[in-house]
Amino acid sequence: MEYKEEDYLMLSGIQHFSFCRRQWALIHIEQQWDDNVRTVEGNLFHKKAHDGYSSEKRKDVIISRGMPVFSRSMGVSGICDIVEFHRDDKNGVSIHGREGKYLVYPVEYKKGRPKENEADILQMAAQAMCLEEMLECGIPKGYLFYGEIRRRIAVTLDEEIRRQVRDAFEEMHQYFRRRYTPKVRRTKACNACSLKNTCLPQLMKHLSAREYISGRLGEEGEQ
């Protein structure tokens, strides 16, 4: 199956989706967004990684910043922070306009430190899978660079990670077609979410919004 370009989802949305399906739907389906300190700092950090598309060559390595990528099979498009092309005439792939052959490695920049969940890994893996489809090559690994620890971490892109990426995008497309915003259980992570005032996760404890509002009105009436 191949998706039409007008049906493409934002590749970066897989990170939101992995963190919280409801957060992803509020942002990408309902078009709601609130910044907090974390999101503002993260946006500034990414702006330093790429400000428009550019590339440079350092010996046998080509560094591309802000490289657009897409996948017809997954129905997504996005931008890679950095893609490194390491010259390897034996095992690499040809790059248009460049002499020789190259191995391809995406590098995703994150402001903080490594997370307990796989949200960052899935985002970087999705970028690699797009590059594989575009360049007709194999990418066995990619990198995550974390600003707080100031180093990159190599991630092997095994079949299980790839399956998670494909399954996530398939589910995202299903929600998007239905314009469906799922409910979720409140967790500690809700406190750090920039959308907690829009999402109102406390409503999830109640049978309906009507009951929640009636309860609040009752509390005010007793004061």
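The values are calculated or read from the model by the stated rules, or taken from the named source; none is laboratory data. Keep in mind that this is a model prediction, so the values were computed, not measured. When we count neighbours, we look across all protein chains shown, and the Cβ atoms used for this are built from the backbone with ideal geometry, even at glycine. To get the accessible areas, we keep the full protein, side chains included, count just its heavy atoms, and leave off ligands, DNA and RNA. Shrake-Rupley method; radii C 1.70, N 1.55, O 1.52, S 1.80 Å.
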- prompt: Counting only residues that are in a strand (DSSP E or B) and within 16 Å of K115 (Cα to Cα), how many does region 145-166 have?
  reply: 7
- request: Kindly indicate whether R186 is open to solvent by 70 Å² or more (accessible area, probe 1.4 Å), in a strand (DSSP E or B) and of a type in the set (K, R).
  value: no
message: Would you confirm, using the coordinates I've provided, whether A119 is closer than 19 Å to I82 by Cα and open to solvent by 50 Å² or more (accessible area, probe 1.4 Å)?
response: no
query: Which of the residues that make up region 70-128 are free of Cβ contacts under 8 Å to residues at least 12 places away in the same chain and under 17 Å from F17 (Cβ atoms)?
result: K115, E116
task: Taking the options G97, G112, name whichever one is modelled with pLDDT under 95 and open to solvent by 40 Å² or more (accessible area, probe 1.4 Å).
output: G97
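Any idea how many residues of region 95-127 are assigned to a helix (DSSP H, G or I), of a type in the set (A, V, I, L, M, F, W, C) and out of contact with any Lys or Arg (no Cβ under 8 Å at 6 or more places or on another chain)?
5
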field: Residue match in region 59-72 (condition: at pLDDT 95 or above, over 19 Å from the mean Cα position of the chain (by Cα), aliphatic (A, V, I, L, M) and open to solvent by 30 Å² or more (accessible area, probe 1.4 Å))
entry: yes
query: Any idea which residue in region 5-27 is modelled with the lowest pLDDT, counting only those that are surrounded by fewer than 20 Cβ atoms within 10 Å (Cβ to Cβ) and within 24 Å of R163 (Cβ to Cβ)?
result: F19
